[in-house]
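The values are calculated or read from the model by the stated rules, or taken from the named source; none is laboratory data. Computed from a predicted structure; not experimentally measured. Neighbour counts run over all protein chains shown; Cβ positions are idealised from the backbone, glycine included. Ligands, DNA and RNA are stripped out before the accessible areas are found, and what is left, the full protein with its side chains, is counted by its heavy atoms. Shrake-Rupley method; radii C 1.70, N 1.55, O 1.52, S 1.80 Å.
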Amino acid sequence: MSTLTTPLAEAASSNAALRALLHGLPGVDRVGADQRAAMLGTRSIKTTAKARAIDLAISMVDLTTLEGADTRGKVRAMCAKAVRPDPGDPSVPKVAAVCVYPDLVEQAVQALGRSGVRVASVATAFPSGRSSLGVKVEDTAFAVAAGAHEIDMVIDRGAFLSGDYRKVYEEIAAVKAACARDGEGEDAHLKVILETGELATYDNVRRASWLAMLAGADFIKTSTGKVSPAATLPVTLVMLEAVRDFRAGTGRMVGVKPAGGIRTTKDAIKYLVLVNETAGPDWLDPAWFRLGASSLVNDLLMQRQKMATGRYAGPDYFTLD
Amino acid sequence: MTEPGRLAVRKTYKLYIGGAFPRSESGRSYAVTSSKGDFLANAARASRKDARDAVSAARKAFPGWSGATAYNRGQILYRIAEMLEGRRAQFAAEVADADGVSARKAGELVDAAVDRLVWYAGWSDKIGVLRGSANPVAGPYFNLSSAEPTGVVAVVAPPMGPLLGLVSVIAPVIVTGNTCVVVASERAPLPAITLAEVLATSDLPGGVVNLLTGRAAELAPWLSAHMDVNAVDLTGCPDELAVACEKDAAENLKRVLRPAGKVDWLAEPGIERMTAFLETKTVWHPIGV
């Protein structure tokens, strides 16, 4: 892309340079993006391909509980479900991660043990992100110290929308630094939540994606799940294009995570098709694509059982979320 | 019947799922003919996926409908009877076409259907008294049994009696708080479609009754095997199909109603159709002395 002729390190040197880079990105054709997402959503995935898609989708889920009413018991129960989504069927893969608030990370780490399911924690004054940088960094450090493998941070949408890109960049970079474990184990991965429902335009989604990736995000994530609309197909399409172009420009690969509002197997498969057709099959891996959801898992399991037994499954036979 | 110079309105009816009138997911339809073989209209031929959607709609409607007071449910059934009577002429014409009976006889059948609804509406707050009890126990407890609806009931409506038979199988299921998915008579679905229009405009929450038109032989097995259906009423199934459905229903221990022999829809029904889809909940409560 032409925008990458300036060295990226220089781009972040000032607000003006960042603005020049982000506003130099090509605009998103809104109607075109909507149509392309809708068209890809009509792909028919059946039989063996569907069975594989269901298992892949299960293995990509970040099983999430982000309620004020969360308890240690609920997190324990969710962790058990993360390791064995369907206790009656050991062939069901485990999910990618569980996602909880920072104070429950310790509980989740304990409950998951060596199962291989990762623990993600939201941080930085989730979901609004309205606090001082010091508090946000502290919040992150607390979750990392408790053992979180992944940090889901929110950007300051107010600063982004008012054009203060440098502030957003610096916050992401500071949180990224707080994710480091200084040689004591693997650094926590940083997922940056753009909260696309508040960004108003697809152009802003593209700019926020690039800004987050420049600042060091390992993943870009659509939403907190607390704002409507949450994840949509066209927004995810724009973000997938961004990670594809970013890899082409810099060689660094960044993951994508749509979150919120993905409830059915049909939705999940639409996202997988979108990934394959936009970013490419490299991203069809739990390391590079995640689905933030909770009730989705039961629907995936019900579809899986329907395919295995030939009769429609009922929610009575699966654990509550 | 069309007057010269006027275009005929050729009707293709839809299904009734979750309070809306969608086309069949499959896009299929079939021609409905009168008892004399004349074309009447096209009706949607529901697929297994429509049945699945109908079950989800019924499940979604269940908490609200079973949680409504018995009095409220009774009032809504009265309201359905009122609305049905308001369309008496249309129903009478449809029944006459379907069954080949005289206009007078058809009118009587419609009246009987209205009366049947009123009869069941009256039971809404009384069946609990009949089926509930305070049980004597040897301990410092109140022990109370109360009747509870079973859940989602799949109903295969009888092929004969397109209106009276249909009303006679739906009313006892919903009056006690169940929700249902009904496969209408394949031979004569038009009164069922008109009944759906009545239901949609009579305060009945969407999803409590879902009406599918099409082939019972195609839909009943899927409904009987569906793990989220709690009971099946196989009144309208021919014997062979009913046996197969009963076997499928055993997988998750559905309650099955399968009347022996031919049912006389004009006779007073008794309470068996209501009690077939009721369960008994018993609670122990300390007296506190």
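Just for the stretch A:96-146: of the residues that are surrounded by fewer than 18 Cβ atoms within 10 Å (Cβ to Cβ) and among the polar types (S, T, N, Q), which one is farthest from residue A:58 (Cα to Cα)? Applying the filter and picking the extreme gives A:132. Check the stretch B:202-211 and report whether any residue there is assigned to a strand (DSSP E or B) and within 14 Å of chain A (Cβ to nearest Cβ). No, the stretch B:202-211 contains no residue that is assigned to a strand (DSSP E or B) and within 14 Å of chain A (Cβ to nearest Cβ).
Residues in the stretch A:286-321 that are surrounded by 15 or more Cβ atoms within 10 Å (Cβ to Cβ) and of a type in the set (Asp, Glu) were compared, and the one that is farthest from the other protein chains (Cβ to nearest Cβ) is A:321.
Out of curiosity, is residue B:161 under 19 Å from residue B:117 (Cβ atoms) and assigned to a helix (DSSP H, G or I)? No. Of the residues making up the stretch A:130-173, those that are in contact (Cβ under 8 Å) with a residue 60 or more places away in the chain and over 23 Å from residue A:198 (Cβ atoms) number 0. Kindly check whether there is at least one residue in the stretch B:1-23 that is surrounded by fewer than 17 Cβ atoms within 10 Å (Cβ to Cβ), in contact with a Gly (Cβ under 7 Å, 6 or more places away or on another chain) and among the charged types (D, E, K, R). Checking the stretch B:1-23: not a single residue is surrounded by fewer than 17 Cβ atoms within 10 Å (Cβ to Cβ), in contact with a Gly (Cβ under 7 Å, 6 or more places away or on another chain) and among the charged types (D, E, K, R).
Residues satisfying the criterion are present in the stretch A:74-84 (criterion: among the charged types (D, E, K, R), buried (at least 21 other Cβ atoms within 10 Å of the Cβ) and in a helix (DSSP H, G or I)). The set of residues from the stretch B:146-157 being open to solvent by less than 10 Å² (accessible area, probe 1.4 Å) and part of a loop (DSSP other than H, G, I, E, B) comprises B:151, B:157. The number of residues in the stretch B:219-262 that are among the acidic types (Asp, Glu), more than 9 Å from chain A (Cβ to nearest Cβ) and part of a helix (DSSP H, G or I) comes to 3. Of all residues in the stretch A:246-264, how many are of a type in the set (Gly, Ala, Ser) and either in contact with a Lys or Arg (Cβ under 9 Å, 6 or more places away or on another chain) or buried (at least 18 other Cβ atoms within 10 Å of the Cβ) (or both)? Count: 4.
Screening B:218, B:246, B:279, B:251 for residues that are surrounded by 12 or more Cβ atoms within 10 Å (Cβ to Cβ) and within 23 Å of residue B:17 (Cβ to Cβ) leaves exactly one candidate, B:218. When A:119, A:105 are checked against the criterion of being in contact (Cβ under 8 Å) with a residue 12 or more places away in the chain, closer than 17 Å to residue A:191 by Cβ, touching a helix residue (DSSP H, G or I) at 6+ places or on another chain (Cβ under 6 Å) and not in a strand (DSSP E or B), A:105 stands alone in meeting it.
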